[in-house]
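Each reported figure results from applying straightforward, stated rules to the coordinates on display, with no laboratory input. Not measured: the values here are computed from a predicted model. Cβ placement follows ideal geometry from the backbone for every residue including glycine, while neighbour counts extend to all protein chains displayed.
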């Protein structure tokens, strides 16, 4: 449980938000040409990082907008928050 | 095993004020090479080593544990054991475990305090009723005991439940598996550790795995904080940290790790002699032999390795507990903790080979791994020893995420493990 600085609404309680999993997984451009392995990779396989992870969040009980977050999953410390479509501010 | 535990050893040791009990397992330094290495000294990992030694005669094994035996999820769960799963594959897997549980204290010569006090799953709406009745029928077709109870029978079986029709989620009935129950979780880890150690398995505690060495598509050994250890077979049973190990060999798993919480109350006199679970309101409760209420809460809905969990999750669970059991309204909670659980998209485990030769994974048990401990160890040992899955875990291979043959227990069984 932590506070999240929504890029649209400001600081709110984490319980207002939903986590949308790993960020920057690009939907395949040519789905019909994908092998089963590639589909599995896109749909199911995750890095599930212990440490700094890039992820998507949604302010479900607020503005309902999606945004990205860089968070350390080993201590829940948030390093950066940036809007959808923007480049990650840190690597 | 030099010292067999019995009533006679208890009497004998009483004369020396219980000061001369032998250590339950050895504490060796790692050898240079092993026939097999198990990463993770929880219940599943120790059970794997135990059955590798006992059933497959592979005794030159090390169990590598980052912390201490049973200090992870084995010592953090709510100790519930049941096998009333919906799908055939899951029913086979979990009932295999339940059958081993029934003789485990004798097999290990260690009292794991297995208590078949029954597990009751409550239904709170019409869909719950239909789902649970369907599951009861599926269980009975698979030879698993299950009965449907109406509201009056629920009240009779567990009188402290509030069965008033005027509560927010009234109790419309429930299922009961009488063979289900609980066991002392620490004792399971200790019993398996003692049994495995006596057969020659080296249990290496306070030793963290830092890397896995490969030669081509084959494993060669592991880098640890106690140096390099050579081996041809590695079984990873690292629960919430499975992805951390997998990332060492650039293997991606379909897992997300999340904190799952539990809490216990102050100890009181016996008040609930069974396990009651409610999926819809997400509350489950039993009472330990010490008298504490053992309450299971849910997972946080985001990836985290913090081993604590959020307050609002506990609050939600306790609200449901209080509505179902008004008698608990003045109980004080003593301790709360979290464990990191690795959840698969289909909420079923992975007990499988990988594309890397000699590397095996037993993971994805999510929120309900404890109940499967003996079965999981037995089947994983079979998979490692024969380089082939047993027929009971064949459906739980990692390729099901490619083929689409998921064992979808999410929302299908009583998923509040």
(request) Would you compute, from DSSP H runs of 4+ residues alone, the mean residue ellipticity of chain B at 222 nm, taking -39500 (n - 2.57) per run and dividing by the full residue count, rounded to the nearest 500? (result) -9000 deg cm²/dmol
(message) Give me the percent relative contact order of chain B, please, defined on Cα pairs under 8 angstrom at least 6 residues apart.
(response) 23 percent
(request) Please give the helix B:126-141 orientation as an angle from the longest Cα principal axis of chain B, in degrees from 0 to 90, rounded to the nearest 10. (result) 50 degrees
(message) To check you understand DSSP bridge types, tell me what percent of the beta bridges within chain B (both residues inside) are antiparallel, rounded to 5.
(response) 70 percent
(message) Rounded, prolate or oblate for region A:17-83? Axes are the square roots of the Cα gyration tensor eigenvalues, ordered a ≥ b ≥ c, and the cut-off for rounded is a/c under 1.5.
(response) oblate
(request) State whether region B:128-261 is rounded, prolate or oblate according to the following rule on the C-alpha gyration tensor (a ≥ b ≥ c being the square roots of its eigenvalues): a/c under 1.5 gives rounded; otherwise a/b larger than b/c gives prolate, and the remaining case gives oblate. (result) prolate
(request) Give the order of B:266, B:223, B:292 when sorted by the count of other beta carbons within 10 angstrom, beginning with the fewest. (result) B:266, B:223, B:292
(message) Sort A:34, B:293, B:10 by Cβ crowding within 10 Å, fewest neighbours at the top.
(response) B:10, A:34, B:293
(message) As a test of the formula, what do you get for chain A when each DSSP H run with n ≥ 4 contributes -39,500 (n - 2.57) and the sum is divided by the residue count, at 222 nm and rounded to the nearest 500 deg cm²/dmol?
(response) -2500 deg cm²/dmol
(request) Quantify how strongly other chains surround peptide B:251-264 by giving the mean number of their Cβ atoms within 10 Å of each of its Cβ atoms. (result) 3
(message) Please compute the average number of Cβ atoms from other chains found within 10 Å of each residue's Cβ in peptide A:35-44.
(response) 4
(message) From Cα pairs below 8 angstrom and at least 6 apart in sequence, can you work out the relative contact order of region A:17-83, rounded to a whole percent?
(response) 32 percent
(request) Give the Cα extents of chain B along the principal axes, in whole Å, largest first. (result) 66, 62, 40
(request) Can you put B:39, B:7 in order of Cβ neighbours within 10 angstrom, beginning with the fewest? (result) B:7, B:39
(message) Compute the helix-to-body angle for B:311-324: its Cα long axis versus the longest principal axis of chain B, expressed 0 to 90° and rounded to tens.
(response) 40 degrees
(request) State, in angstrom, two size descriptors of the protein assembly as shown derived from its alpha carbons: Rg to one decimal place and Dmax to the nearest whole number. (result) 23.3, 77
(message) Nearest 10 degrees is fine. How inclined is helix B:185-198 to the longest principal axis of chain B, computing both from alpha carbons?
(response) 20 degrees
(request) Output the relative contact order of region B:1-78, whole-number percent, from Cα pairs under 8 angstrom with separation of 6+ residues. (result) 27 percent
